[in-house]
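To start, the structure itself, in structure tokens.
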Amino acid sequence: MQIKAPRGTYDILPPDTGRWHYVEKILRETAEIFGYQEVRTPIFEHTELFERGVGTSTDIVTKEMYTFKDKSSRSLTLRPENTASCARALIEHSIYSGILPAKWYYIGPMFRYDRPQTGRYRQFHQFGVEAFGSNNPYLDAEVIILLVEVLKRLGLNDYELHINSVGCPQCRELYRQKLIAYITPVKDKLCSDCQTRYEQNPLRVLDCKEDTCHRAIAGYPTLLEHLCHDCARHYAAVKEALKASHIDFQHDDNLVRGLDYYTNTAFEIHIPGIGAQSAVGGGGRYNGLVAECGGPDLPGIGFAMGIERLLLAVDTVAGREINAGNTDVFISIMNDAYEPQALELLTRLRLAGIRAEKDYMGRSGRAQMKYADKLGARLAIIIGEEEIAQGFYTLRDMQSKEQVQISDQDIINSVKHRLAIA
Ligand SMILES: [Zn+2]
Ligand SMILES: [Zn+2]
């Protein structure tokens, strides 16, 4: 029987890996110029970390985790997200007692036992940033500006940024009671999920996907009207900072978080052109998370983006074709006898930093040119009888088909010049 990749997983094959490198490079560069450094945590953690750090009542923990016992009967889980792991590492290495804020980014695979569907996988990839140690609202703005900058650099200028404040445990508790009182008389009109959860967690009715639930609670009291003085001031500062940085946003009362450790700023970013699942990233402040994971009372804020979703957005709306070719120069020989010269020049080009390739399959001259096109080569160097006899190379522009004769001495510089490599 043929062995295939497990359901919900997929291989990223060349040349597609080139597209991943392109996006990952932009993610890393952007995070680094904003002062975030990469953190790499284990792919699996103790299950308890996610129960605490993601929340036992969430769909992720109740339905979607890859949990298994190892040979010593420890319960381990493949990470469904990375914020809890970052908080765990921060505590374990006492980063909180060093220089703050600790500004980290990560990039890598996450795992959720979800029903596979288009664009949804059981092993998927996320990029995210976390900043621990400060409650300063301008740090919230910085994180959002970084998120927007990533999209701009990917050519995704048409985005919608939704923001809200979910307050603090104090003001939210008051609001929770008001919301329950508002929902109770219309509870029969809610979907079955909302009927069971609204008393425990009425906020989740606000972000329910069912239209009927939204209609049933139309005109509901908003969290914004119930923020305490400090939370209202914090939110106002975030909005003011975004305006000053010319970042467009819209306040969204429905953007809420179901767990207690989320506080203040919540945000989500959408690319309208990519279909119903338009959110490419989201995040917010989680001032209670580090304490929840067993650490000190340390504030934090961050976001995560799905890389599959970003690639989809780049393909469908950015109008930008990522050149995933791996070759700039192709050496074509007209006779097997010139193999040694070809290989010598090939190595010289490569050692000069030029991505160069030749044929190893005995292709004809014509077939070599087709192959060069497939590899994405911009230039070809032709070595034939005349070239060998008179001691020059024919340098061909693959696009314009224009050919020039170049001496051995000038070939490297000439290629570099044409490729605009400094
Ligand atoms: Zn508050
Ligand atoms: Zn509902």
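Nothing in this text is a laboratory measurement; each read-out follows from the coordinates by a stated rule. The model shown is predicted, which means the values in this text are computed figures rather than measured ones. Note: ideal-geometry Cβ built from the backbone for every residue, glycine included; neighbour counts use all protein chains shown.
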- Task: Determine the shape class of the stretch 154-197: with a ≥ b ≥ c the square roots of the Cα gyration tensor eigenvalues, call it rounded for a/c under 1.5, and otherwise prolate if a/b is greater than b/c, oblate otherwise.
- Result: oblate
- Message: Going Cα to Cα from residue 63, which lysines come in below 19 Å? Please leave out same-chain ones fewer than 8 positions away.
- Response: 209
- Query: Hey, what's the Kirkwood Rh for the chain if you take every pair of different alpha carbons, in angstrom?
  - Reply: 25.0 Å
- What ranking, highest mean first, results for peptides 330-342, 138-150, 49-61 when packing means the other Cβ atoms within 10 Å averaged over each residue? 138-150, 49-61, 330-342
- Message: Expected output is a single nm value to one decimal: the length gained when fully extending between residue 360 and residue 326, i.e. 0.36 nm times separation in residues minus the C-alpha distance. What is it?
- Response: 10.6 nm
- Relative to the first principal axis of the alpha-carbon coordinates of the chain, what is the inclination of helix 229-244, with its axis defined by its Cα atoms, in degrees from 0 to 90 and to the nearest 10? 30 degrees
- In which sequence would 311, 419, 223, 289 go, from the one with the fewest C-beta neighbours within 10 Å to the one with the most? 419, 311, 223, 289
- Query: Counting Lys and Arg as +1 and Asp and Glu as -1, what is the net charge of the other residues whose Cβ lies under 9 Å from the Cβ of residue 281?
  - Reply: 0
- Roughly what angle does helix 339-351 make with the longest principal axis of the chain, taking Cα atoms, 0 to 90 degrees, to the nearest 10? 40 degrees
- Cα gyration tensor of the stretch 1-58, axes a ≥ b ≥ c as square roots of the eigenvalues: rounded (a/c below 1.5), prolate (a/b > b/c) or oblate? oblate
- Note on the structure: With the dipole of the stretch 119-235 defined by +1 on each Lys or Arg Cβ and -1 on each Asp or Glu Cβ, the option from 184, 202, 228 whose Cα lies farthest towards the positive pole is 184
- Message: Nothing charged except the Cβ atoms of Lys and Arg (+1) and of Asp and Glu (-1): what's the magnitude of the dipole of the chain about its Cα centre? Round to the nearest 20 debye.
- Response: 700 debye
- Pull out the extension gain between residue 191 and residue 114, defined as 0.36 nm times the separation in residues minus the alpha carbon to alpha carbon distance; nm, one decimal. 25.6 nm
- Angle in degrees between helix 137-153 and the longest Cα principal axis of the chain, rounded to the nearest 10: 30 degrees
- Partners for residue 374 among aspartates and glutamates (Cα-Cα distance below 13 Å; same-chain residues under 8 apart left out): 328, 357, 359
- Sorted from largest down, what three extents in whole angstroms do the Cα atoms of the stretch 329-419 have along their principal axes? 29, 29, 25
- Message: Counting only helical runs of four or more DSSP H residues, what would the 222 nm mean residue ellipticity of the chain come to if each run contributes -39,500 (n - 2.57) and the total is spread over all its residues?
- Response: -10500 deg cm²/dmol
- What's the center-to-center distance, using Cα atoms, between the stretch 339-384 and the stretch 163-200 in Å? 66 Å
- What shape does the stretch 1-152 have by the C-alpha gyration tensor, where a ≥ b ≥ c are the square roots of the eigenvalues, rounded means a/c under 1.5, and otherwise prolate means a/b greater than b/c and oblate the rest? oblate
- Find, among the trypsin sites (Lys or Arg not before Pro) in the stretch 196-282, those assigned to loop by DSSP (not H, G, I, E, B) with at most 14 other beta-carbon atoms within 10 angstrom. 209
- Message: How would 81, 45, 29 line up from fewest to most surrounding beta-carbon atoms within 10 angstrom?
- Response: 29, 81, 45
- In this structure, among 4/71; 152/239; 25/416; 4/358, pairs with alpha-carbon gaps over 29 Å are 4/358
